[in-house]
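In what follows, a structure is listed as structure tokens, so that the remarks can point back to it.
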Amino acid sequence: MQRSTATCRSPRLRRLGARALPLLAMTALVTAGPAGAEEFELPSLPSESQVYPAVVPIPTPQQDPWYADPAELPTYANGDVIRSRVVQTYALAVPVPVHTTQLLFRSTDIRDNPIATATTVLTPGIPWLGPGPRPLISYQEAIDSLGQHCNPSYTLRAGIQKEISLLGQFLAAGAAVAVTDFDGKKNTIMSPSEGRMVLDGIRAAQRAGLGLEASPVGLWGYSGGGNSSASAAEQRRSYAPELNIRGSAQGGIPGDKVAIAPFAVSGQQPQANFTGWLAILGLAREYPDFDQALRQYLTPEGRAVAAELDGRCLYTTFVSTLLRPVADYLTDPEAALSHPAVRAALSAASFGKPENTPDIPLLMWHSTTDQLLPAELAIDDIARAYCERGVNMRMFKVPATEHISAEIIPELGTVAWLLAVTAGADPGPRAC
């Protein structure tokens, strides 16, 4: 078997010793090195950047000139459409019977530099039977990836978009759905620019001549998608006040990134390891000072892991990091998280600041036993801050669940709430 160049010399694995061998053999995630139980190496998993070009009959975004920035990009306004095309949406190899238009549009990063990213607008053939014009749902997928080929503008065409059945519920009700590449071409995960790209994706959908100019808008997202929805909800008033966004359904949010970071990098919950790696690598792409500080503390093995994760999508990132907690690849984890540049970026990407108080109705939810993002670290303080400032919100906890099931169990209710509120219904009693 070909071995990865990134050797997992984790003290955590050495402490596991012989007790770990049945688990490691059963999962086939690691193979014993020459020293038997003393040292392990992770196999070199194929990356999606290697697999997709070989099996998907459309070019990846890196190979597709449609995604190219125009020379005159700075002359476009935020949300302006650069170019458009009609494409086919697939679920696996089955065509989905919706009209699909892709839009390349201008947005801005956190330093107000112009960037171009894409949104995919799906319009069902069935009429909207509710009051007023057909609503537009801005659906934020949990992209959670470091490669442009993991973004929904590609995966919807390739038939491998992992949340197609959930966003299909909005289409089945007659709503139009915009699915934006809210991490952009650089996949700057968790950055505040996510909210900007969501808002500019809505602007683009309403400027593209698709009959959605007067559509009321709703936001929906969970986990990584909940993060971008919450970011858009907080920035709407200052960045896109003209947008008629009537509500945001946002669940499983990593709201307080300063508080969640020590847990995410610790390895205390191996399933959460991927969240720590994605967050630090995604934010490093947006914040040069963060990137410089991270490189200062990453061990040589840590830099090799970071290089191996570059361009990976969610599934292989999860497997590749399951036994690789970030802390084991930092020379001093506590000092790294306390570094001013690191702390500043984590704080900037967190929610709940007074100047970013949402002014639209919110529906928020979280698992009571979330193994990836414990509520007491991730969202409880944010929810209290919203309540203290009079935000029109309702918050509920999904009992006896973990991260994924807390998305699935209440999904019918969250979809129904957002459709109703976007169509003009009362959002219901407030949480506080």
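Values as computed for the structure displayed
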read-out: The lone exception for ASN273 - which of (1) open to solvent by less than 10 Å² (accessible area, probe 1.4 Å); (2) touching a Lys or Arg at 6+ places or on another chain (Cβ under 9 Å); (3) not in a helix (DSSP H, G or I) it fails; value: (3)
read-out: Any hit, region 242-254, residues being closer than 21 Å to ALA344 by Cβ, of a type in the set (Ser, Thr, Tyr) and either surrounded by fewer than 23 Cβ atoms within 10 Å (Cβ to Cβ) or in contact (Cβ under 8 Å) with a residue 24 or more places away in the chain (or both); value: no
read-out: Subset of region 298-328 (residues that are under 24 Å from ILE143 (Cβ atoms), of a type in the set (Ser, Thr, Tyr) and touching a Phe, Trp or Tyr at 6+ places or on another chain (Cβ under 9 Å)); value: THR317, SER320, THR321
read-out: So GLY302, is it surrounded by fewer than 24 Cβ atoms within 10 Å (Cβ to Cβ) and without any contact (Cβ under 8 Å) to a residue 60 or more places away in the chain; value: yes
read-out: Every residue from region 210-238 that is of a type outside the set (Lys, Arg), open to solvent by 10 Å² or more (accessible area, probe 1.4 Å) and in contact with a strand residue (DSSP E or B) (Cβ under 9 Å, 6 or more places away or on another chain); value: LEU210, GLY211, SER223
read-out: Residue match in region 119-135 (condition: among the polar types (S, T, N, Q), surrounded by 24 or more Cβ atoms within 10 Å (Cβ to Cβ), more than 17 Å from GLN235 (Cα to Cα) and touching a Lys or Arg at 6+ places or on another chain (Cβ under 9 Å)); value: yes
read-out: Members of region 371-392 that are of a type outside the set (Asp, Glu), surrounded by 15 or more Cβ atoms within 10 Å (Cβ to Cβ) and in a helix (DSSP H, G or I); value: ALA375, LEU377, ALA378, ILE382, ALA383, ALA385, TYR386
read-out: Subset tally (residues that are part of a loop (DSSP other than H, G, I, E, B) and within 21 Å of PRO95 (Cβ to Cβ)) for region 128-156; value: 2
read-out: The one condition in (1) at positive phi; (2) surrounded by fewer than 19 Cβ atoms within 10 Å (Cβ to Cβ) that GLY267 fails to fulfil; value: (2)
read-out: Criterion (within 15 Å of ILE82 (Cα to Cα) and of a type in the set (Ser, Thr, Tyr)) met by exactly one of THR188, THR180; value: THR180
read-out: Residue in region 327-370 that is most open to solvent (accessible area, probe 1.4 Å), counting only those that are over 24 Å from ALA431 (Cβ atoms) and touching a strand residue (DSSP E or B) at 6+ places or on another chain (Cβ under 9 Å); value: THR331
read-out: Subset tally (residues that are part of a loop (DSSP other than H, G, I, E, B) and either touching a residue at least 60 places away in the same chain (Cβ under 8 Å) or farther than 23 Å from ASN78 by Cβ (or both)) for region 113-127; value: 3
read-out: Selected residue (criterion: most open to solvent (accessible area, probe 1.4 Å)) from residues of region 393-432 that are polar (S, T, N, Q) and not in a loop (DSSP other than H, G, I, E, B); value: SER405
read-out: Residue match in region 407-424 (condition: touching a Ser or Thr at 6+ places or on another chain (Cβ under 8 Å) and within 24 Å of LYS257 (Cα to Cα)); value: yes
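The values are calculated or read from the model by the stated rules, or taken from the named source; none is laboratory data. Everything numeric in this text was worked out from a predicted model, so none of it was measured. Every residue, glycine among them, receives a Cβ derived from its backbone with ideal geometry; neighbour counts consider all protein chains shown. Accessible surface is based on the protein model in full, side chains and every heavy atom, while ligands, DNA and RNA are left aside. Shrake-Rupley method; radii C 1.70, N 1.55, O 1.52, S 1.80 Å.
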